[in-house]
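The values are calculated or read from the model by the stated rules, or taken from the named source; none is laboratory data. It should be emphasised that the depicted structure is a prediction, and the values quoted were computed from it without experimental measurement. When we count neighbours, we look across all protein chains shown, and the Cβ atoms used for this are built from the backbone with ideal geometry, even at glycine. Quick note on the areas: whole protein, heavy atoms, side chains included, nothing else; ligands and nucleic acids left out. Shrake-Rupley method; radii C 1.70, N 1.55, O 1.52, S 1.80 Å.
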Amino acid sequence: MAIGFIGAGRMAQAMARGFIATGVIKSQNIIASDPDPRMLKFLKNHGITTTLENTEVVDRSKMIVIAVKPNVVSKVLKEVKDHVTMDKIMVSIVAGVPLSILEENLPPDTRVVRVMSNIPVTVQAAASVISLGAGALPDDSELVRELLQCIGICEEGSESLLDAVTGLSGSGPAYAFTAIESLADGGVKMGLPRDLAIKLAAQTLLGAAKMVLESGKHVGQLKDEVCSPGGTTIAAMHSLERAGFRASLINAVEIGTLKARELGSQKKKESLEVNDSPATSVAEN
């Protein structure tokens, strides 16, 4: 299957590299466009066909990944609209742009899939959730999930969940990086060399995450198994509870979700204003 990327930034580069590395898609079956030749150079070095024309990407691909900035997504979709046929799947990884806006800028019944992923896609460890548009076929879900599972985990959910997904896993890597940095600072304070402290902190979070995903045990049970009666861990956990550790993370997810919801509503409002404006205004400008 031929896959095209409109936009060749970090997320697009990482996805393309992951598809090639896992052998799911060959480099000669991928094409990408971007107005910045520097972005295209990276993909070209991996054997990927590149172009400055977005319409060429659509014409030559069965699945087209929209990976542009939110403020230009409507413009880009209108540009390629006449080239989108019913045999193509349009996959958006653009944050904050709802299915309704994607669909209104494409032909009726276009097969659209919205994806919320995160930056660990760059190391093939993404956490992604997809939501199907009204025109998407049941097989489209399986196809997109199969591809995204090559670069991490992927689940399907209703679009109403995607703001919360953004607040949790979309922004979550930043929370994890802060936790790693803070743990490392603690290690340095207690005498560990900085490079060793960072490596230990990162590996500890990685190992704990693998245990959650692979053991089948509840996270509370896993935590309790580390906390020996009267030991160092339960004493340290008490300190975290006093500092509001859990509440801080819960608040972070809530704030991230509400911000994502606000940005989505703002994007819908902007779209309505454009659609409601007089037809002459475009020509006048």
(message) Residue under question is PRO108, and the condition is that it be out of contact with any Ser or Thr (no Cβ under 8 Å at 6 or more places or on another chain), more than 18 Å from ALA14 (Cβ to Cβ), in contact (Cβ under 8 Å) with a residue 60 or more places away in the chain and open to solvent by 20 Å² or more (accessible area, probe 1.4 Å); does it hold?
(response) no
(request) Determine the pairs where a residue that is part of a helix (DSSP H, G or I), located within the stretch 140-160, has a partner that is surrounded by fewer than 18 Cβ atoms within 10 Å (Cβ to Cβ) and hydrophobic (A, V, I, L, M, F, W, C) with Cβ atoms under 6 Å apart, the partner being 6 or more residues away or on another chain. (result) CYS150/VAL24
(request) Evaluate the following for ILE31: is it assigned to a strand (DSSP E or B) and either at pLDDT below 95 or over 18 Å from the mean Cα position of the chain (by Cα) (or both)? (result) yes
(request) Look at ILE119 and say whether it is closer than 19 Å to ALA95 by Cα and crowded, with 20+ Cβ neighbours inside 10 Å. (result) no
(request) Run THR166 past the list (1) outside any loop (DSSP other than H, G, I, E, B); (2) farther than 15 Å from SER128 by Cβ and report the number of the one that doesn't hold. (result) (2)
(request) Return yes when CYS227 is modelled with pLDDT of 95 or more, touching a strand residue (DSSP E or B) at 6+ places or on another chain (Cβ under 7 Å) and not polar (S, T, N, Q) and no when it is not. (result) no
(request) Could you check PRO278 against (1) open to solvent by 80 Å² or more (accessible area, probe 1.4 Å); (2) in a loop (DSSP other than H, G, I, E, B); (3) at pLDDT 95 or above and say which number it fails? (result) (3)
(request) Kindly indicate the residue of the stretch 235-262 that is touching an Asp or Glu at 6+ places or on another chain (Cβ under 9 Å) and hydrophobic (A, V, I, L, M, F, W, C) and also surrounded by the fewest Cβ atoms within 10 Å (Cβ to Cβ) among those meeting that condition. (result) LEU258
(request) Inspect the stretch 50-63 for any residue being open to solvent by 60 Å² or more (accessible area, probe 1.4 Å), touching a residue at least 24 places away in the same chain (Cβ under 8 Å) and not in a helix (DSSP H, G or I) and give the result as yes or no. (result) yes
(message) For the structure I just gave you, tell me whether MET11 is open to solvent by 30 Å² or more (accessible area, probe 1.4 Å) and outside any loop (DSSP other than H, G, I, E, B).
(response) yes
(request) Report the residue count in the stretch 64-74 for those that are in contact with a Lys or Arg (Cβ under 7 Å, 6 or more places away or on another chain) and modelled with pLDDT of 95 or more. (result) 1
(message) Whether any residue in the stretch 169-176 is of a type outside the set (S, T, N, Q), open to solvent by less than 70 Å² (accessible area, probe 1.4 Å) and closer than 16 Å to ILE93 by Cα is what I want to check.
(response) yes
(request) May I ask you to list the residues in the stretch 189-207 that are surrounded by 14 or more Cβ atoms within 10 Å (Cβ to Cβ), in a helix (DSSP H, G or I) and either touching a Phe, Trp or Tyr at 6+ places or on another chain (Cβ under 6 Å) or not charged (D, E, K, R) (or both)? (result) ALA197, ILE198, LEU200, ALA201, ALA202, LEU205
(message) Take the residues in the stretch 64-94 that are more than 24 Å from GLY264 (Cβ to Cβ) and in a helix (DSSP H, G or I); name whichever of them is least open to solvent (accessible area, probe 1.4 Å).
(response) HIS83
(message) Looking only at the stretch 95-122, how many residues end up being more than 20 Å from LYS69 (Cα to Cα) and either in contact with a strand residue (DSSP E or B) (Cβ under 9 Å, 6 or more places away or on another chain) or part of a strand (DSSP E or B) (or both)?
(response) 2
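What number of residues within the stretch 216-234 are open to solvent by less than 50 Å² (accessible area, probe 1.4 Å), outside any helix (DSSP H, G or I) and within 24 Å of LEU168 (Cα to Cα)?
Final tally of qualifying residues: 0.
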